[in-house]
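Before any comments, here is the structure.
Read-outs throughout are calculated quantities, based only on the coordinates presented, and are distinct from any laboratory measurement. Quick caveat: nothing in here was measured; it's all calculated off a predicted structure. As a convention, Cβ positions derive from the backbone with ideal geometry for all residues, glycine included, and neighbour counts pool all protein chains shown.
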Amino acid sequence: MTLSTQEMIDLCKKHTMYTWSAGDAVAPLPIAKAQGCWLWTPEGQKILDFNAQLMSVLIGHQHPKVIAAMKAQIDELIFVYPQTATQVRARLGKLMSEVVPGDINSFFFTLGGAEANENAIRAARLFTGRHKILARHRSYHGGTYMTLGLTGDPRRWPSEPGPSGIVRVMDPRPYNFSFGTTDEEITANNLKYLEEVIMTEGGHNIAAMIIETVTGTNGVLPPPKGYLKGLKALLEKHGILLICDEVMAGMGRTGKWMAFEHGGIVPDIVTMAKGLTSSYFPLGAMGVSDRIADHFRKNVYWGGLTYNSHPVGLATAEAVIKVMQEEKLVENAARLEGLMRSEMDRLQKKHPSVLEGRCIGLFGMIDLRKDSKNTPLAPYNGSHPAMNKLAAFFKQEGLFTFTRWNNFTCNPPLCITEAEMKHGFDIIDRGLDLTDAAFEG
């Protein structure tokens, strides 16, 4: 049965639930096909995917090598329960131990980032025998009960009270406060504040601190210089593990395989998903250091999932990593950072409503303001008519990205070309006339 576009939309809204939305308010984007950095509606409108869907389709859509690997795995072995050994599990584990830096050589496979973060907390508590977890306000770690509890942004509010033992702290760059003007000041002051929190909570009670290595939807904020090294040293002083959530920032997005490489450290635990399979199949992973892996070789790891180490997911990840290596997509993200930076700088000079543009690799965000005092165009967890107009303009002109509060994202697939990126920024350039009209001077 072939449905019309409207029939497809109506049935999806009638019989399925949409994320983070009231169903009647949803206006689903109808998509018929995708290829590379592009999407097409059933009517043939061509849309540049400037957010890699959920910051996750890193190799682009419909890569033939990955599709072939998935089909081959389905023909060979679709599913066996987690307590088995399989060819693809053996190969992928070895490959990931080579790709992920440092002594992170053992992995627990899940179906997504939230489950990876859930298991990271469980592993940290089991390993240390402690209960408390430090998490940051400017963060997002997943949509399950535990991971929403770890999350700092307003999506956690409807699920509160959350799980026990979570202590939330300010980021190096909070929303409406400053730890200093230079990276050195910000790092020193934030770590001084953090050590006082550790003292008042009792370092001996704290199992781990979880951070997005680069804060994602709440700002695309790379850590200030020296922060990761200083944080790791502070936590080690108190026997606290560092968990780096790289669900969004990892797998090449920032121009390195793992974002923590920019800080010259290796965490105790790292979590991945999204780009791990380029979202071709649901898969997440928790990677642990050798000392934690050795602990769980002798002690029971009290965690399990029906779809742990699903063969099709593992085959997808293996194929995606090989494509990224062969096509040098991590290197492409690092190379094109300069172009994204220059385009953001150009827009800031041209448009008074542009407050700031930030990027690391191809992980970017632009903030908008409503006056010369740098007041955000929309308040925290709020909206503004100009932002709604901007979102509608992007959709009309064939640019897929996310607008939220006073910002919008610039996170294309890592296979994007210079010409495609310039096309995306041309649409953004024209759209910013709408927010300039709301600028109050």
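In the range 11-31, whose amide N lies under 13 Å from the spot 7 Å out along Cα-to-Cβ of residue 5? List them in ranges.
Hits in the range 11-31 for residue 5 at 13 Å: 28-31.
Which FRET efficiency, nearest 0.05, do residue 71 and residue 397 yield, Cβ-Cβ r, R0 30 Å?
Between residue 71 and residue 397 the formula returns 0.25.
Size of the range 64-326 along its principal axes in angstrom, Cα-based, largest extent first?
Largest to smallest, the principal-axis extents are 56, 37, 37 Å.
Take the residue pairs 132/229; 65/274; 232/328; 33/274; 350/373 and return only those whose Cα atoms are more than 28 Å apart.
Beyond 28 Å between Cα atoms: 232/328.
Could you go through the range 149-163 in sequence order and give the Karplus-derived ³J(HN,Hα) for each residue, using 6.51 cos²θ - 1.76 cosθ + 1.60 with θ = phi - 60°, rounded to whole Hz, and x for Gly and Pro?
x, 6, 5, x, 6, x, 5, 7, 4, x, 9, 7, x, x, x
Which residues in the range 303-332 have a backbone N closer than 16 Å to a point placed 7 Å from the Cα of residue 90 along the Cα-to-Cβ line?
Residues passing the 16 Å test: 311, 315.
So how strong a dipole does the range 64-326 carry about its Cα centre when Lys and Arg Cβ are +1 and Asp and Glu Cβ are -1, to the nearest 20 debye?
Around 240 debye, computed over the range 64-326.
What residues have an amide H closer than 5 Å to that of residue 136, excluding those fewer than 5 places away on the same chain, when H is modeled at 1.01 Å from N in the peptide plane?
The list, which skips near neighbours in sequence, is 169.
Show me, for the range 129-140, the HN-Hα J-couplings you get by feeding each phi into the Karplus relation (A = 6.51, B = -1.76, C = 1.60, θ = phi - 60°), rounded to Hz, glycine and proline as x.
Coupling constants for the range 129-140: x, 10, 10, 6, 10, 8, 9, 10, 5, 8, 8, 9 Hz.
How do 130, 291 rank when sorted from fewest to most other Cβ atoms within 10 Å of their own Cβ?
291, 130
Place a point 7 Å from Cα of residue 54 in the direction of its Cβ. Which residues in the range 136-157 have their backbone N less than 17 Å from it?
139-156
Using the basic label-point model (7 angstrom from Cα toward the beta carbon), what is the residue 233 to residue 24 distance in nanometres?
Between residue 233 and residue 24, the label points sit 5.8 nm apart.
As a footprinting exposure proxy, order 256, 71 by other Cβ within 10 Å, with the fewest listed first.
71, 256
Using a 10 Å cut-off on Cβ atoms, rank the peptides 382-392, 10-20, 260-270, 193-203 from the highest mean neighbour count down.
My ranking of the peptides, most packed first, is 260-270, 382-392, 193-203, 10-20.
Can you compute the charge dipole magnitude of the chain about its Cα centre, using +1 on each Lys and Arg Cβ and -1 on each Asp and Glu Cβ, nothing else charged? Give it in debye, rounded to the nearest 20.
Rounded to the nearest 20 debye, it is 480 debye.
Taking 8 Å as the Cα distance limit and 6 or more residues as the minimum spacing, I'd like the relative contact order of the range 64-326 as a percentage.
30
For n ≥ 4 DSSP H runs only, could you compute -39500 (n - 2.57) per run for the chain, divide by its residues and tell me the 222 nm figure to the nearest 500?
-12500 deg cm²/dmol
Taking the beta-carbon count within 10 Å as an exposure proxy, list 127, 79, 109, 402 from fewest neighbours to most.
The order, fewest Cβ neighbours first, is 79, 402, 127, 109.
Only four residue types carry charge here, +1 at the Cβ of Lys and Arg and -1 at the Cβ of Asp and Glu. Report the dipole size of the range 168-214 about the Cα centre in Debye, rounded to the nearest 20.
140
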